[in-house]
Amino acid sequence: MSNDEKDDLLFRALAHRARRRMVDALKTGAKTTGMLCELFPELDRCTVMQHLKVLDEAGLLIIERRGRERWNQLDALPIHAIHERWIGPYAAYAASMLGKLKHASERKELVSQSS
């Protein structure tokens with residue numbers, strides 16, 4: 001699978017608010033599927049399982065079975081990869097542009113004060 005295909009799966013997984021909320025819930029530690037069902041009472045168990053499947057396919061879950069329980073743990077590495085590829089460089093670009101704007105504004109202010 002290409003990097004672009006992996007990114008597509010990740011963005012698709014994070015596109016739904018319920019899945020983003022599940023990722024947020026898993027940031028604090030592993031949870032069983034039952035625990036996640038309790039955290040999202042507006043969703044039935046089948047829907048929670050479908051959302052977990054999408055998160056798993058995107059590489060965002062580490063799943064461990066302990067007896068009858070399925071423990072879901074967040075694997076944040078795919079999110080980190082997106083940050084490295086997209087967010088970090090764009091944040092640096094935005095900071096650079098804001099710095100240039102600030103310097104231009106300060107120069108303009110100095111010129112208008114000296115007039």
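Quick notes on this one:
- Qualifying positions in segment 1-45 - open to solvent by less than 50 Å² (accessible area, probe 1.4 Å), among the aliphatic types (A, V, I, L, M) and either within 26 Å of Ile87 (Cβ to Cβ) or not in a loop (DSSP other than H, G, I, E, B) (or both): Leu9, Leu10, Ala13, Leu14, Ala18, Met22, Val23, Ala25, Leu26, Ala30, Leu36
- A Cβ distance below 8 Å, combined with a sequence gap of six or more or placement on separate chains, defines the contacts here; from segment 29-48, residues that are within 15 Å of Gln73 (Cα to Cα) reach residues that are of a type in the set (Phe, Trp, Tyr) and at pLDDT 95 or above in the pairs Ala30/Trp71; Lys31/Trp71; Thr32/Trp71; Val48/Phe40.
- Test: Gly59 is surrounded by 14 or more Cβ atoms within 10 Å (Cβ to Cβ), outside any strand (DSSP E or B) and within 16 Å of the chain's Cα centre (by Cα): yes
- Which listed residue is open to solvent by less than 60 Å² (accessible area, probe 1.4 Å), touching a Phe, Trp or Tyr at 6+ places or on another chain (Cβ under 7 Å), in a helix (DSSP H, G or I) and not acidic (Asp, Glu), from Val48, Val54: Val48
- Any hit, segment 59-70, residues being closer than 23 Å to Lys6 by Cα and of a type outside the set (A, V, I, L, M): yes
The values are calculated or read from the model by the stated rules, or taken from the named source; none is laboratory data. Here the structure is a predicted model, which is why all the values come from computation and not from measurement. As a convention, Cβ positions derive from the backbone with ideal geometry for all residues, glycine included, and neighbour counts pool all protein chains shown. Heads up: the accessible areas ignore ligands, DNA and RNA and are worked out on the full protein's heavy atoms, side chains in. Shrake-Rupley method; radii C 1.70, N 1.55, O 1.52, S 1.80 Å.
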